[in-house]
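Participant: The structure is given below, and queries will be raised subsequently.
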Amino acid sequence: MTFATLGLIEPLQHALETLGYQTPTPVQAQAIPAVLAGRDLMAAAQTGTGKTAAFAVPLLQLLTMEGPKVAANSARALILCPTRELAEQVHASVAEYAQHLPLTTYAVYGGVSINPQMMKLRKGVDVLVATPGRLIDLFRQNALKLNQLQTLVLDEADRMLDLGFSEELANIYRMLPKKRQTLLFSATFSDEIRTLAGQMLNDPLSIEVSPRNVAANTVKQWVVPVDKKRKPELFVHLMRKGRWKQVLVFAKTRNGVDALVDKLQGLGINADGIHGDKPQATRQRALDRFKSSDVQILVATDVAARGLDIEDLPLVVNFDLPIVAEDYIHRIGRTGRAGNTGEAISLVCADEVNMLSAIEMLTRQTLTRKMEQDFEPEHRVPDTDASGQVVKKPKKPKKPKASGGGGKRNLGKWVDSGEVAPAEPSIKPVRKVPVFNTGPRKKK
Ligand code: AMP
């Protein structure tokens with residue numbers, strides 16, 4: 001199959017050829033004809049499947065072939081994204097796809113001055129990429145009207161809800177013309193997403209390019225059990241041993257990112273960090289330097305790393321497991337893109353066993369564990385499997401020796417050093433459902 005057989009016009013075929021896209025990916029093969037035929041879409045496609053072109057390319061064709069010229073302060077197509085980085089990246093792709101078309105494109109997001117964005121919108125833009133909060137601000141300040149809107153794309157809709165944007169989405173929904181085409185893309189489909197889809201979509205075509213909630217199978221994944229306090233040391237050890245060249249590392253918190261970057265830089269390692277506390281320009285610079293290989297190790301929180309697309313990124317390391325199990329899929333989707341193979345290594349301590357269990361349940365696989373010599377954890381990570389079971393070994397309390405030596409004291413009980421020390425938060429024995437993906441989270 002070729003892009004020509006999908007019915008794409010020559011300027012688009014030419015742009016895709018220049019980018020080296022030879023054949024459509026599965027999501028593109030299904031989405032492009034449906035969008036060209038005017039259908040609404042509900043697509044389960046994880047990052048790295050070529051989903052951006054799947055919605056952007058046919059949308060650009062429709063805008064080129066039909067419809068009036070864009071009016072002042074208007075947009076003909078709106079692509080909503082969860083983060084600034086993703087908005088930037090989607091916009092960069094859209095601009096590349098549209099390079100031979102008579103269309104204008106632009107991206108707006110928060111964290112930067114609104115005035116230049118208002119100026120730019122004066123003439124109107126054909127395709128506007130936006131994060132929800134800034135879009136609403138622009139609308140309220142009369143810098144943007146949506147009555148000419150013909151296509152709405154919700155990109156990474158699950159992520160938008162995770163980030164607490166459900167209220168913003170409801171507000172945007174009220175600003176939209178009733179007659180429009182809507183395309184919803186999401187890596188995962190929770191009940192909340194289905195409700196959103198029920199409201200926003202009209203007789204959508206459902207597309208599923210990989211089994212629901214299953215991580216990319218081009219990514220080799222494994223877990224290295226380790227004690228929490230030894231994670232930085234293990235990371236450096238694995239990095240040197242594996243001669244890692246370019247690694248994207250995920251840490252749970254902003255402080256965690258800063259601490260690891262400081263540690264690595266202190267060892268003379270070329271590392272940088274991105275998280276929500278850093279100004280947008282600094283984040284973008286760090287991303288650009290990582291993409292151009294000027295930075296070897298980029299440490300990031302989930303939100304900051306959201307839009308990252310680097311060709312052939314070989315390795316992702318989860319320094320901490322994500323609190324929301326779905327984030328694991330997004331994280332490892334940074335590697336193994338567009339058919340390449342990749343590796344995803346997670347450093348897991350006993351505290352994180354419930355998160356590990358939730359991830360295994362969601363991805364329907366038991367992750368292989370590889371013990372690293374000299375880093376065997378004192379606090380054993382309990383066994384887990386894809387059923388959501390956390391197998392806690394019965395404790396055999398060790399008698400304290402009269403001399404006071406021997407066992408390890410922990411929370412007033414004597415435990416073998418090879419056993420699970422009751423960690424914080426306490427380990428619940430059996431979990432049946434992934435508990436880390438409930439409810440919207442606060443915006444970071
Ligand atoms: P996405 O899932 O949209 O983030 O795309 C992941 C990566 O695949 C991006 O680097 C795209 O440029 C690339 N890509 C998308 N479609 C194709 C294609 N048909 N052939 C080769 N690469 C592609």
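The values are calculated or read from the model by the stated rules, or taken from the named source; none is laboratory data. Note that the coordinates shown come from a computational prediction; the quantities given were computed from them, not determined experimentally. Glycine gets a Cβ as well: all are built from the backbone with ideal geometry, and neighbour counts include every protein chain shown. These accessible areas exclude ligands, DNA and RNA; they are computed on the full protein's heavy atoms, side chains included. Shrake-Rupley method; radii C 1.70, N 1.55, O 1.52, S 1.80 Å.
Participant: Mind telling me which of the residues L161, L152 ends up being open to solvent by less than 20 Å² (accessible area, probe 1.4 Å), part of a strand (DSSP E or B) and not assigned by TED's automatic domain parsing to the domain that holds I359?
Facilitator: Among L161, L152, only L152 is open to solvent by less than 20 Å² (accessible area, probe 1.4 Å), part of a strand (DSSP E or B) and not assigned by TED's automatic domain parsing to the domain that holds I359.
Participant: Would you be able to say whether some residue in the range 185-203 is in contact with a helix residue (DSSP H, G or I) (Cβ under 7 Å, 6 or more places away or on another chain) and within 20 Å of D137 (Cβ to Cβ)?
Facilitator: No.
Participant: Something else: Can you work out which of the residues in the range 1-18 that are among the β-branched types (V, I, T) and in a loop (DSSP other than H, G, I, E, B) is nearest to the ligand (Cβ to nearest atom)?
Facilitator: Only one residue fits best here, namely T2.
Participant: So which residues in the range 26-50 are within 11 Å of the ligand (Cβ to nearest atom), at pLDDT 90 or above and out of contact with any strand residue (DSSP E or B) (no Cβ under 8 Å at 6 or more places or on another chain), if there are any at all?
Facilitator: Across the range 26-50, the qualifying residues are Q28, A29, I32.
Participant: Which of the helices (runs of 4 or more DSSP H) contained wholly in the range 19-138 include at least 2 residues that are within 25 Å of L287 (Cβ to Cβ)?
Facilitator: 51-65, 84-97, 115-121
Participant: If a residue must be over 20 Å from the mean Cα position of the chain (by Cα) and either open to solvent by less than 10 Å² (accessible area, probe 1.4 Å) or not assigned by TED's automatic domain parsing to the domain that holds Q148 (or both), how many such residues does the range 41-75 contain?
Facilitator: Within the range 41-75, residues that are over 20 Å from the mean Cα position of the chain (by Cα) and either open to solvent by less than 10 Å² (accessible area, probe 1.4 Å) or not assigned by TED's automatic domain parsing to the domain that holds Q148 (or both) number 8.
Participant: Quick check, is K231 touching a residue at least 24 places away in the same chain (Cβ under 8 Å), more than 16 Å from the ligand (Cβ to nearest atom) and open to solvent by 10 Å² or more (accessible area, probe 1.4 Å)?
Facilitator: no
Participant: Give me the residue from the range 178-202 that is crowded, with 21+ Cβ neighbours inside 10 Å and small (G, A, S) and, out of that set, modelled with the highest pLDDT.
Facilitator: Checking each candidate, the answer is S186.
Participant: Residue by residue through the range 303-325, note down the ones that are more than 16 Å from the ligand (Cβ to nearest atom) and either modelled with pLDDT under 85 or of a type in the set (A, V, I, L, M, F, W, C) (or both).
Facilitator: Within the range 303-325, V303, A304, L315, V317, F319, L321, I323, V324, A325 qualify.
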